[in-house]
1. Restricting attention to segment A:224-243, which residues are over 14 Å from residue A:211 (Cα atoms) and touching a residue at least 12 places away in the same chain (Cβ under 8 Å)?
2. If residue B:112 passes every condition in (1) of a type in the set (S, T, N, Q); (2) open to solvent by less than 10 Å² (accessible area, probe 1.4 Å); (3) touching a residue at least 12 places away in the same chain (Cβ under 8 Å); (4) within 14 Å of another protein chain (Cβ to nearest Cβ) but one, which one does it miss?
3. Residues A:218, A:207, A:159, A:141: which one is over 16 Å from residue A:92 (Cβ atoms), among the small types (Gly, Ala, Ser) and surrounded by fewer than 20 Cβ atoms within 10 Å (Cβ to Cβ)?
4. Quick one: in segment B:76-98, of everything that is open to solvent by less than 10 Å² (accessible area, probe 1.4 Å) and of a type in the set (Val, Ile, Thr), which residue is nearest to the chain's Cα centre (by Cα)?
5. When you scan segment B:51-75, how many residues do you find that are open to solvent by 40 Å² or more (accessible area, probe 1.4 Å) and either under 19 Å from residue B:114 (Cα atoms) or of a type in the set (Lys, Arg) (or both)?
6. Provide a single number: the residues in segment A:21-51 that are of a type outside the set (D, E, K, R), under 16 Å from residue A:211 (Cβ atoms) and in a helix (DSSP H, G or I).
7. Considering segment B:71-106 alone, what residues qualify as being within 30 Å of residue B:240 (Cα to Cα) and basic (Lys, Arg)?
8. Given the criterion under 18 Å from residue B:209 (Cβ atoms) and in contact (Cβ under 8 Å) with a residue 24 or more places away in the chain, identify the matching residue among B:82, B:52, B:63, B:22.
Amino acid sequence: MSEKSCIVMDKVSYTVGGRSILRDFDLRLEQGENRTILGVSGVGKTTILKLILGLLKPSSGAIFIDGIDISGLSEKTLTQTRKKMAIVFQGGALFDSMTVGENVGYRLLEEGELSEAEIEAIVHEKLGFVGLEKAIDLYPAELSGGMKKRAAIARSLAADPEYIFFDEPTTGLDPIGVYNIQQLMIRLQGEGKTTLVVTHDMNTAFAVSNRFSFIHEARLVFEGSREELQLSAIASVREFFTPGEESLFRYVEAEGDHETER
Amino acid sequence: MPSRFFEKRLLVFFSELQSFFSLSLKALFRIFSPPFYYREFMAQLDKGGVGSLFIVCLTGLFSGMVMALQAIIQLKPFAATSYIGGMVAVTMIKELGPVLSALMVAGRVGSSITAELGTMVVTEQVDAMQVEGTDIIRRLITSRLKAMLIAMPLLAVVTDAVAISGGYLIASGYQISPLMYWKSLPQFMKFQDLIEAVAKPVFFGFLIVMIACHVGLRVSGGAEGVGVAVKRTVVIASVCILVSDFFITKLFIAFR
């Protein structure tokens, strides 16, 4: 399980308050791959991203980032591993006390390896990539939902990470906003970035991914290509694509808020 | 069944206490090592310190005035009104100044810290900061702690000064000689009282920030969770200030 240049989740379980969010979950994300994890809302998709980022500790199992098991690492060592990764959170999670430009340059400023002029140049470049140069001095509260997501993408790109994770990147956006985000993701993939998307938006999933995983009741029940997914005979997968009477008002326990170990 | 309930509550209490002390130690150890987040520190000093000036002045003024008023009524039959200044000063400097200013700051600054951090937690900004490589204890807690460790004693000194001046205003309204009022101050005070007057607010400032940050970073459940956390911070901080004031006073008396 110690191969380089990939993310591996090996029999990862995550339990909170006696409730199982993930059970023996396996995932292997090769470099350059564009994977989408699908599943109904509240099934634990975001938890997977937080586990990979080391924001949550698995109850059992191991998570390898480029061959390093991060499940037992200290916060200080994790910071080094996180340099390879970036995430675009569902709501953008932009720091609302900072301008868009400051948000984008935040990580570079924290690292303290570049001069202010170099950081400014990178900020302009990344904001140009997402078409938000004119918003550089605006605060997050002054942006629309789509602009917030684009600013968050620009922030995630600032330190040139190898892996980019997207948590419900198109939720709550209008069709133009959705198209913009999809195109940005495709452009990133064109630059060789490895992306892992969690979403329940099939349109986005098919537009930006070539491989799919499906979670149902805390377990991975499917892994394969688009064609295999669409032809799958697994009941939960079929129901996800063509919900029927049996899906009506079913009670699904949400993954909810987990207490993050800090 | 009730024993199970108490056992569970006790376990939760001790686990919270443990994580509070662990967080406090981590925050304290980071005070003297870089990065110092100078801008964040100054912003907190301005928000928590300068921003609280008006409210502590108001508290000090009326506390001093009401104390002088009560003292005049009590001391007049004994012809001892010349000691009013000293009485106001000793009560304010040793006890009421630090406690009242800390209670005001707990309500004003403690609640705002919890609300700010709690909102950052529920909107995933804290997670985002960690992913961006930030030591959140250093950036979010230590900078606030440093600011409050400096601001709180200064605020208490201002409260004391305003309270003594408020007492003087009332005393002068009752034809008590200004000279007698001011001359009585050193008669009641010792140097150790001044140390107590500074040590107490430093400790209260530490309590306010650490309780506010501890509760704020453990927020869950969205907007309602933030509201509950803010209430918890104000209640816990206020109770801790009053309880710890008793023990600090005992300690100072023991070393007198």
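1. Of everything in segment A:224-243, those that are over 14 Å from residue A:211 (Cα atoms) and touching a residue at least 12 places away in the same chain (Cβ under 8 Å) turn out to be A:234, A:236, A:237, A:240, A:241.
2. Only one criterion is unmet by residue B:112, namely (2).
3. Criteria check complete, one pass: A:207.
4. The residue in question is B:88.
5. Of the residues in that region, 0 qualify.
6. The total comes to 1.
7. B:94, the sole residue that qualifies.
8. From the options B:82, B:52, B:63, B:22, the qualifying one is B:52.
The values are calculated or read from the model by the stated rules, or taken from the named source; none is laboratory data. Just so it is clear, the structure is predicted and the values come from calculations on it, not from any experiment. Every residue, glycine among them, receives a Cβ derived from its backbone with ideal geometry; neighbour counts consider all protein chains shown. SASA here: full protein model, heavy atoms, side chains in, ligands and nucleic acids out. Shrake-Rupley method; radii C 1.70, N 1.55, O 1.52, S 1.80 Å.
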